[in-house]
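Below you'll find the structure, written out as structure tokens, and then a few comments.
The values are calculated or read from the model by the stated rules, or taken from the named source; none is laboratory data. These numbers come from a predicted model, not from an experiment. Cβ sites come from the backbone with ideal geometry, for glycine too, and all protein chains shown count toward neighbours.
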Amino acid sequence: MTRVSGRRAIVSSTVIVAGALGVAQLFSYAVSVVAARALGPEQFGVLAALLGILLIGSVLAMGIQAVAARRLVHLPSGDRDGASRDILRDGLVGGCAVAAATILVSPLLMWLLRLDGWAPLLLAALAFIPLTWAGAQYGVAQGREAYSRLATVYLAVGVGRGIGGVAGAIVSGSVLGTMLGLTVGTAVGAVAGRIAVSPLARGSRFRVERFFGDTAHATHALLALFVLTNVDVLLARALLSPYEAGEYGLGAVIAKVAFWLPQFVGVVAFPRFADARRARATVVSLAAVAAMGVVVIVVTALAPGLVVGFVGGSAYAELVPIAWMFAAIGSVFALAQALLLTRLAVDDRRAVIAVWAAAALLVALASLIMPRTVAGLASSALIAGVGLGALGVVVAAREIRAEAAAGAQSSASTPGSGQAPGV
């Protein structure tokens, strides 16, 4: 009965989180879909580059979320309220630090992305404050296994960001207006999210030791992943014409759909990656992520015109023949993300080396070997993603076989002591 109840709880949590993430991502994609039409290819290329910066900079939020969830699970119940309060404060401080760092390097970013004005980049920097604060909120809710509150925060931030960005694009028809709406909407959503998790953080502050140190390591790994998954959009601005960069930015939206679609799998499975259920959770999670990726690739390959037309409209018709490549890029990157989460759950700090190597391979292929075209850049990203995913699957398979062999040997040496694994 306990096992059945556990399965029902997992299914219920998965449905709740998946639904919330799905709605949040839908609103996020709505910003790109509306902006692609309202801004046109050249200006949308600029916006896509700024959105890429936001994604890369948001890795601190994801690092805080991962470490907060992992640490809260292992704390005594009496300390969790105070620790949650401390983590929420640290998330706000971290957001201010990322914003300041972005402003500090803004001259370099303006040169790299060929931006005409500083204001959109300033708004991107300010957006990091609520984005990082929201990451702490996610981690608190996830670590306390309060999945309804976690879903509420995802909805608040995602919907706020989406409505703000869409309104900014429609009203202004400019990159600046879109970024202003997106930043204000994200801030409103983060305030609503803080209210949603407030019942989990009402105790006296309890300092979580070595939190920033662990967060730095997790953030480093996630930074490597997000550099890998977004550097192609930045390279598009540097290597392609403005029009082609806009086309690539639209293709990147398709890739992001495939990349973020299975995100809920890792959110729910993450605690299970860290205990005795690790092997089974890894197999089930990777299979689910791969299956969703196959579905996205097949749908895009069978109806590329419909997909491109829905996302960007007739102005991006030249992208139709290679639309499937972007679906494949997002799918293999999603698999790489799931594999990386299995390593972060046990604080494995070696996996980041492989991720950085894949990013370096992508840059080298795009800059030195492949033709400087939309298809050439997409091929570079696909090759790097496939290589990283294959390596990760091999490593995971070896670990699972080793654990199975060790379990079998332990059961043989102590008959009758085995237990059926939880699901």
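In segment 276-319, what residues are touching a residue at least 40 places away in the same chain (Cβ under 8 Å), aliphatic (A, V, I, L, M), surrounded by fewer than 22 Cβ atoms within 10 Å (Cβ to Cβ) and over 22 Å from residue 340 (Cβ atoms)?
The answer is 311, 315.
For segment 358-382, which residues satisfy the criterion of being without any contact (Cβ under 8 Å) to a residue 24 or more places away in the chain and surrounded by fewer than 18 Cβ atoms within 10 Å (Cβ to Cβ)?
Of everything in segment 358-382, those that are without any contact (Cβ under 8 Å) to a residue 24 or more places away in the chain and surrounded by fewer than 18 Cβ atoms within 10 Å (Cβ to Cβ) turn out to be 360, 364, 368, 369, 371, 376.
Might you check whether a residue that is closer than 30 Å to residue 377 by Cβ, touching a residue at least 60 places away in the same chain (Cβ under 8 Å), crowded, with 21+ Cβ neighbours inside 10 Å and not polar (S, T, N, Q) occurs anywhere in segment 183-206?
No, segment 183-206 contains no residue that is closer than 30 Å to residue 377 by Cβ, touching a residue at least 60 places away in the same chain (Cβ under 8 Å), crowded, with 21+ Cβ neighbours inside 10 Å and not polar (S, T, N, Q).
Considering every residue within segment 330-345, establish whether at least one is over 24 Å from residue 278 (Cα atoms) and either surrounded by 15 or more Cβ atoms within 10 Å (Cβ to Cβ) or of a type in the set (Phe, Trp, Tyr) (or both). Outline the logic, then answer.
Of segment 330-345, the ones over 24 Å from residue 278 (Cα atoms) are 330.
Checking the rest, the ones that are also either surrounded by 15 or more Cβ atoms within 10 Å (Cβ to Cβ) or of a type in the set (Phe, Trp, Tyr) (or both) come to 330.
So far as segment 330-345 goes, yes, one or more of its residues are over 24 Å from residue 278 (Cα atoms) and either surrounded by 15 or more Cβ atoms within 10 Å (Cβ to Cβ) or of a type in the set (Phe, Trp, Tyr) (or both).
Looking only at segment 56-88, count how many residues are surrounded by fewer than 17 Cβ atoms within 10 Å (Cβ to Cβ) and either modelled with pLDDT of 90 or more or of a type in the set (Ser, Thr, Tyr) (or both).
Number of matching residues: 1.
Among the residues of segment 34-48, is any surrounded by fewer than 17 Cβ atoms within 10 Å (Cβ to Cβ), free of Cβ contacts under 8 Å to residues at least 40 places away in the same chain and assigned by TED's automatic domain parsing to the domain that holds residue 123?
No, there is no match, as no residue in segment 34-48 is surrounded by fewer than 17 Cβ atoms within 10 Å (Cβ to Cβ), free of Cβ contacts under 8 Å to residues at least 40 places away in the same chain and assigned by TED's automatic domain parsing to the domain that holds residue 123.
Give, as residue ranges, the helices (runs of 4 or more DSSP H) completely inside segment 25-133 that count at least 2 residues that are closer than 18 Å to residue 243 by Cα. Before the answer, list the steps.
Numbers: elements: 59-74, 77-104, 106-113.
Here the list reads 106-113.
Mind telling me which of the residues 252, 269 ends up being farther than 14 Å from residue 29 by Cβ and not assigned by TED's automatic domain parsing to the domain that holds residue 37?
On the way: 252 fails: farther than 14 Å from residue 29 by Cβ.
Within the list 252, 269, the selection yields 269.
Which members of segment 238-252 meet the condition of being surrounded by fewer than 24 Cβ atoms within 10 Å (Cβ to Cβ) and assigned to a helix (DSSP H, G or I)?
Just the residues of segment 238-252 that are surrounded by fewer than 24 Cβ atoms within 10 Å (Cβ to Cβ), to begin with: 238-244.
Selection gives 238, 239, 242, 243, 244.
Of all residues in segment 380-392, how many are out of contact with any helix residue (DSSP H, G or I) (no Cβ under 7 Å at 6 or more places or on another chain) and within 21 Å of residue 244 (Cα to Cα)? Break it down stepwise before answering.
Filtering segment 380-392 down to residues out of contact with any helix residue (DSSP H, G or I) (no Cβ under 7 Å at 6 or more places or on another chain) leaves 390.
Applying the additional criterion that residues be within 21 Å of residue 244 (Cα to Cα) yields none.
Qualifying residue count, segment 380-392: 0.
Checking residue 380 against (1) within 23 Å of residue 250 (Cβ to Cβ); (2) more than 22 Å from the chain's Cα centre (by Cα): exactly one of these is not met. Which one?
So residue 380 meets the others, but not (2).
Has segment 262-283 got any residue that is in a helix (DSSP H, G or I), at negative phi, of a type in the set (Phe, Trp, Tyr) and at pLDDT 85 or above? Can you show your working first?
Our first condition is that a residue be in a helix (DSSP H, G or I); within segment 262-283, this holds for 263-274, 278-283.
After this cut, where a residue has to be at negative phi as well, the list is 263-274, 278-283.
In the following step, the residues that additionally are of a type in the set (Phe, Trp, Tyr) were identified as 264, 270, 273.
Next cut, at pLDDT 85 or above only: 264.
Yes: one or more hits.
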